[in-house]
Amino acid sequence: MSKVFDVVALGELLVDFTEEGISNQGNPVLEANPGGAPCNVLAMLGRLGHQTGFIGKVGRDMFGMQLENALQETGICTKGLVKDEKIHTTLAFVHTLEGGERDFSFYRNPGADMMLMESELDTGMLENCRIFHFGSLSMTDGPCRRATKRAVEIAKANGAVVSFDPNLREPLWNSLDEAKEQIAYGISQCDILKISDNEIQWFTGEQDFDKGVAYLQSHYQIRLILLSLGRDGSRAYMEGKRVQAAPFLQESTIETTGAGDTFCACVLHYVLEHGLTGYSDGQLKEMLVFANAAASIVTTRRGALRVMPDRSEIDKLIKSKK
């Protein structure tokens, strides 16, 4: 039986205020960009022709309306988007550091995305997706943590492949011990894990990346591990194979917002097209090169959700580097 959605994601949907220069009065000018890692992933998948849907919560306010409109413009199904009557939409202020890295300040105590309840889950979407994707930010607090875990149960019971990106944001947790406990849950449930270099070192205690992956493989049943290495590219680990691909470094890089989400989406795209077993070294390399190229393009643009590249742009960049 075919599924309605290729990918359904659950998690935070928020406004990223990003720096856009200085006003005539000397004040910072900020642009309100739609953001949130799960929807960035869905937006990229939509650009690659996949049917996507989102489950989450925003406030019934001007920012919530902006975000709903942005998802609909991007082709993401908003049937699972709930509006909170009392709690406002979560806001994040993104400070861009030298080299394009970022520092975040969150207005989320509470924010609407934290208030998603089990009873508000669109179970039909969860029952009808090929891949279910989530991160750790929906597990920082009680109500949404319970909703997230219930969503994972429903998706798995209906045969979905589960994808997880820890996406650690330390300021949003009561403690790093709590973060580690909830991220361990996500890792224990997933078939596909996308994890960054600093996250794997923090979670496993291993500074050597291969040793960190070996730790994960010995403790969890993960079919495909993707390790993003920033300016050093990325690696894929699957069925005893380890493949690395170089990055596509760009002189015109502005910031890295959404790069990891774009990378993750391209991996899910590959899985949707090829399944999740028996990849050769060549296939893993092909997957990583495509994902690295797409992520590189996003670093040259402000924001993420509305500016994802299409397949022709990605192919053109890959061809130019050969």
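Laid out as a table, the results:
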read-out	value
Ranking of 52, 123, 256, 18 by count of other Cβ atoms within 10 Å, fewest first	123, 256, 18, 52
Taking all pairs of distinct alpha-carbon atoms in the chain, Kirkwood radius in angstrom	19.6
Separation in nanometres of the label points that stand 7 Å from Cα toward Cβ, at residue 197 and residue 2	4.3
Per-residue ³J(HN,Hα) for region 164-181, Karplus 6.51 cos²θ - 1.76 cosθ + 1.60, θ = phi - 60°, Hz, x for Gly and Pro	9, 10, x, 6, 4, 10, 3, x, 8, 9, 5, 7, 6, 5, 5, 4, 5, 5
Residue-averaged 222 nm ellipticity for the chain, from DSSP H runs of 4+ at -39500 (n - 2.57), nearest 500	-12000 deg cm²/dmol
Whole-Å distance, taken between Cα centres, linking region 244-312 and region 1-32	19
Local net charge near residue 238, Cβ-Cβ under 10 Å (Lys/Arg +1, Asp/Glu -1)	+1
Sorted by Cβ density within 10 Å, fewest first, the residues 76, 87, 183	87, 183, 76
Within-13-Å neighbourhood charge of residue 204 [Cβ basis; K, R +1; D, E -1]	-3
Sparse-neighbour loop sites [trypsin sites (Lys or Arg not before Pro); region 58-162; at most 16 other C-beta within 10 Å; DSSP]	60, 86
FRET efficiency estimate (nearest 0.05) - Cβ-Cβ, residue 107 to residue 170, R0 22 angstrom	0.85
Spatial separation of Cα centroids for region 193-226 and region 133-185, in angstrom	17
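Read-outs throughout are calculated quantities, based only on the coordinates presented, and are distinct from any laboratory measurement. In this text the structure is predicted, and so the values were computed from the model without any measurement. No Cβ is skipped: glycine too gets one built from the backbone with ideal geometry, and neighbour counts run over all protein chains shown.
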